[in-house]
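Encoded as structure tokens, the structure appears first; notes follow it.
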Amino acid sequence: MAVKPMAAGTAAALTVLLSGGAGGAPAAPPADPPRPLPSGAESPARIGERVGVTTEAHVSGDAFSGVRVTSPAFAAEAELRMDGDLLVAVATVSCTAEPGSYEVRFAPPRGNENASDIDRLWGSVRVTPADAAERAECDRQVARRQPESQEERYPPGTVWPASPWDVRTVQAGGQLKAEDGLEMGGDGGVELSSPGFTRPVVMRGDKHVSATVRIRCDARPGLYTVLWNEDGKPARIWARYRVTAAAPGCQDPPEAVLQVGQKAPWLLGGGAALAVVGAAGYALFRRLSR
């Protein structure tokens, strides 16, 4: 099962992207556009450069959210994450990488390391020589960079959450519909909880379970996690969402208000889309990561 390149002349071409600075030059800001490399090619890279892999999300399951992008030249492996209709992974060439050619490969998601059909060569980078002064400057530049974002952006109409990092934005006092169509929980068997919810909610439905969650009017702007609480199993982070400030006069329904400072057992911590990312591969990944 080969990774299919995108059509030539479109944003669908599978590319490896390089950007950033090295030596005495300042680090490139994250907003700088990356430099593309065609599939199967070798690209020169300096220590400290950011390396991104971009591929079209498609229905074959060849590549999907969570697939790792690895290389001995990288300071750390990266993961493919959804960005609209594309899958993107970003890594940094290690400041200690020696000159030479290094393979860049796709690898199975964490927790699914035995999926050997995902392990494949994509291309390579050739690390150029660097002296001691350049390596010291590389360390300083990399230390100043913000970590790569783990958040994902799915196409319009995608059910939430399509992945644990499918971050949707909601105004305090607003609502989100949470859905799971992978038969991971039965009717009434799963409770969702989050510090931003007015109260925990129970997932309902025949196989495809869902629940509508309401965000507290007094929830502070920021990123929140949602816990999946299933009988007999440890709670796990299932989703994330971002809250913006409430509208003036926002009021929670009286029956839904949990008094500020009150402790509760559930406060344990901080369709089309599955076809887009490869439903078979993603479903397997989520089940194995439970």
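The values are calculated or read from the model by the stated rules, or taken from the named source; none is laboratory data. As the structure is a prediction and not an experimental result, all values here were calculated from the model. Neighbour counts run over all protein chains shown; Cβ positions are idealised from the backbone, glycine included. Surface accessibility is based on the protein's heavy atoms, side chains included, excluding ligands, DNA and RNA. Shrake-Rupley method; radii C 1.70, N 1.55, O 1.52, S 1.80 Å.
Which numbered condition trips up residue 16, out of (1) part of a loop (DSSP other than H, G, I, E, B); (2) at pLDDT below 70?
(1)
Just to verify a result, which residue in region 126-138, among those that are outside any helix (DSSP H, G or I) and not aliphatic (A, V, I, L, M), is surrounded by the most Cβ atoms within 10 Å (Cβ to Cβ)?
If we take residues in region 126-138 being outside any helix (DSSP H, G or I) and not aliphatic (A, V, I, L, M), then 128 is surrounded by the most Cβ atoms within 10 Å (Cβ to Cβ).
Give the residues of region 92-108 that are surrounded by 14 or more Cβ atoms within 10 Å (Cβ to Cβ) and in a strand (DSSP E or B), sorted by residue number.
Residues satisfying the conditions are 92, 93, 102, 103, 104, 105, 106, 107.
Out of the residues in region 200-246 meeting the condition of being on the phi > 0 side of the Ramachandran plot and modelled with pLDDT under 95, tell me which one is most open to solvent (accessible area, probe 1.4 Å). Can you show your working first?
At the first step, the residues of region 200-246 found to be on the phi > 0 side of the Ramachandran plot are 205, 207, 222, 232.
Then drop every residue that is not modelled with pLDDT under 95, which leaves 205, 207, 232.
Numbers: 205: 25, 207: 123, 232: 90 Å².
Looking at residues that are on the phi > 0 side of the Ramachandran plot and modelled with pLDDT under 95, I get 207.
Residue check, residue 51 against (1) crowded, with 18+ Cβ neighbours inside 10 Å; (2) in a loop (DSSP other than H, G, I, E, B), all met but one. Which one?
(2)
Among the residues of region 72-99, write down those that are closer than 17 Å to residue 146 by Cβ, within 17 Å of the chain's Cα centre (by Cα) and small (Gly, Ala, Ser).
76, 78, 89, 91 - these are the residues of region 72-99 that are closer than 17 Å to residue 146 by Cβ, within 17 Å of the chain's Cα centre (by Cα) and small (Gly, Ala, Ser).
Which one of these is modelled with pLDDT under 90 and assigned to a strand (DSSP E or B): 157, 111, 123?
123
Could you go through region 139-149 and let me know if any residue there is buried (at least 21 other Cβ atoms within 10 Å of the Cβ) and closer than 30 Å to residue 249 by Cβ.
no
Inspect region 26-46 for any residue being polar (S, T, N, Q), modelled with pLDDT under 85 and open to solvent by less than 20 Å² (accessible area, probe 1.4 Å) and give the result as yes or no.
no
Using beta carbons and a limit of 6 Å, which pairs, at least six apart or on different chains, have the first residue in region 201-217 and more than 14 Å from residue 230 (Cβ to Cβ) and the second one of a type outside the set (A, V, I, L, M) and part of a strand (DSSP E or B)?
Close Cβ pairs (under 6 Å, with a partner that is of a type outside the set (A, V, I, L, M) and part of a strand (DSSP E or B)) amount to 210/179; 212/175; 212/177; 213/197; 214/175.
Collect the residues in region 189-232 that are farther than 17 Å from residue 245 by Cα and touching a helix residue (DSSP H, G or I) at 6+ places or on another chain (Cβ under 9 Å), keeping them in residue-number order.
Scanning region 189-232 gives a single hit, 199.
Which condition number does residue 207 fail, the rest of (1) in a strand (DSSP E or B); (2) of a type in the set (Lys, Arg); (3) more than 20 Å from residue 165 (Cβ to Cβ) being met?
Status for residue 207: all satisfied but (1).
Take the residues of region 126-154 that are of a type in the set (Lys, Arg) and out of contact with any Asp or Glu (no Cβ under 8 Å at 6 or more places or on another chain): which is modelled with the lowest pLDDT?
Going through region 126-154, the residues of a type in the set (Lys, Arg) turn out to be 126, 135, 140, 144-145, 153.
If we keep only those that are out of contact with any Asp or Glu (no Cβ under 8 Å at 6 or more places or on another chain) as well, we get 135, 140, 144-145.
Numbers: 135: 97, 140: 96, 144: 92, 145: 88.
Top of the filtered list is 145.
Looking at region 161-183, is at least one residue part of a loop (DSSP other than H, G, I, E, B), among the polar types (S, T, N, Q) and crowded, with 19+ Cβ neighbours inside 10 Å? Outline the logic, then answer.
Going residue by residue through region 161-183, those that are part of a loop (DSSP other than H, G, I, E, B) are 161-165, 167, 172-174, 181-183.
Remaining after also requiring among the polar types (S, T, N, Q): 163.
From what is left, the residues that are crowded, with 19+ Cβ neighbours inside 10 Å are 163.
There is at least one residue in region 161-183 that is part of a loop (DSSP other than H, G, I, E, B), among the polar types (S, T, N, Q) and crowded, with 19+ Cβ neighbours inside 10 Å.
Would a scan of region 58-67 turn up a residue that is more than 14 Å from residue 126 (Cβ to Cβ) and in a strand (DSSP E or B)?
There is no residue in region 58-67 that is more than 14 Å from residue 126 (Cβ to Cβ) and in a strand (DSSP E or B).
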